[in-house]
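Have a look at the structure below, then the notes.
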Amino acid sequence: MQSVNPLGEFIRARRAATSPKQVGLPEEGPRRTTGLRRHEVAMLAGVSEGYYARLEQGREKHPSDQVLNALIRVFGLDAEAAEHLHKLARQGLRKRGGACAPADDRAAVHLVRLIDSWSTPAVILGPRFDILAANDAAKALLCVMGTETNLLRFVFLDPAARRFYRDWDEIARTCVAGLRAVASLHAEDRALHGLVGQLSTRSEEFTRLWAEYDVRAKTHQTQRLLHPRAGELTLTYQTFTVNGSSGHQLGTYQAEPGSPSEAALSRLIPATGHPDRVDEGAGDPAGEETPQPDGGRGAAER
């Protein structure tokens with residue numbers, strides 16, 4: 001699933017997602033394909049149709065900022081998607097100076113110590129959405145994942161995820177958009193593209209969302225969960241970029257102070273400081289422990 005033309009793939013997807021009405025063009029009856037035609041984009045952006053065709057085909061890899069800004073205007077890209085477009089255009093120049101460093105699948109020791117001291121559920125994520133480390137509260141919250149350590153594989157390949165996430169469709173969409181935000185910028189990461197290939201062959205939903213090429217970093221989201229021990233929870237999931245690490249993020253789950261979710265969340269961690277570990281769907285622990293996402297290794301090392 002590794003793309004040899006990420007810039008062309010991105011603008012082709014944005015062209016398909018932009019209707020004539022959105023850009024003020026008259027409707028001309030049914031179209032064989034959705035979105036704008038190439039000549040329409042070229043006209044609106046002020047470039048020749050041949051030049052725009054070369055952009056989509058990957059034969060023109062270094063458009064000027066003026067051209068990029070014109071495409072941003074035509075497609076109505078938000079700030080995040082616009083930044084992504086500029087990064088794709090600069091990618092070829094960056095490759096001349098050498099390949100990007102591969103993603104590090106080890107969480108920094110000092111960050112692991114930090115989240116271990118928190119009662120708030122917290123995880124350290126790699127760029128492929130691998131859980132590189134999780135504190136006790138997060139292990140209790142995410143016990144339904146079992147031995148799985150990759151959030152994308154859990155969301156799309158494990159039926160338990162559809163019960164755990166009450167708004168599964170939105171969770172799935174934002175996960176794919178978050179992966180899109182990093183995948184095309186790390187063409188050398190074979191494990192990342194292997195993950196995309198695995199999900200594409202096993203999940204029709206992932207394939208459909210991946211083709212939309214929505215780009216959106218997963219930074220803040222309200223998540224409604226159905227936990228096998230705590231019941232219904234409404235939590236705010238927030239991520240923070242870890243400076244100095246190769247694409248790592250710190251993710252936290254917080255409940256509104258004084259809410260039923262806060263009380264339920266606090267009961268997941270008993271006084272011993274170790275989370276109850278239960279099988280998804282069970283009403284009470286059966287005495288056997290379900291392996292949890294751990295901080296020792298990323299999914300790519302398994």
What is the set of long-range amide H partners of N150 at a cut-off below 5 Å, with H atoms built 1.01 Å from backbone N? I131
Looking at the stretch 8-98, which GluC sites (Glu not before Pro) are in a loop (DSSP not H, G, I, E or B) and have at most 10 other Cβ atoms within 10 Å? E27, E28
What are the residues whose amide H is under 5 Å from the amide H of S184, where those residues sit 5 or more places off or on another chain and H is modelled from the backbone? none
Filter the GluC sites (Glu not before Pro) in the stretch 188-239 down to the DSSP loop ones having no more than 14 other Cβ atoms within 10 Å, then list what survives. E188
At q = 0.14, 0.18, 0.21 Å⁻¹, what base-10 log of I(q)/I(0) does the Debye formula yield for the stretch 6-96 when every alpha carbon is treated as an equal point scatterer in vacuo? -0.46, -0.76, -1.02
Quick check on the exposure proxy: order W168, W210 from fewest to most C-beta atoms within 10 angstrom. W168, W210
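Readers should treat all values here as calculations from the given coordinates under stated rules, not as data from a laboratory. What you see is a predicted model, and the numbers here were worked out from it, not measured in a lab. Positions of Cβ are backbone-derived with ideal geometry, glycine not excepted, and every protein chain shown enters the neighbour counts.
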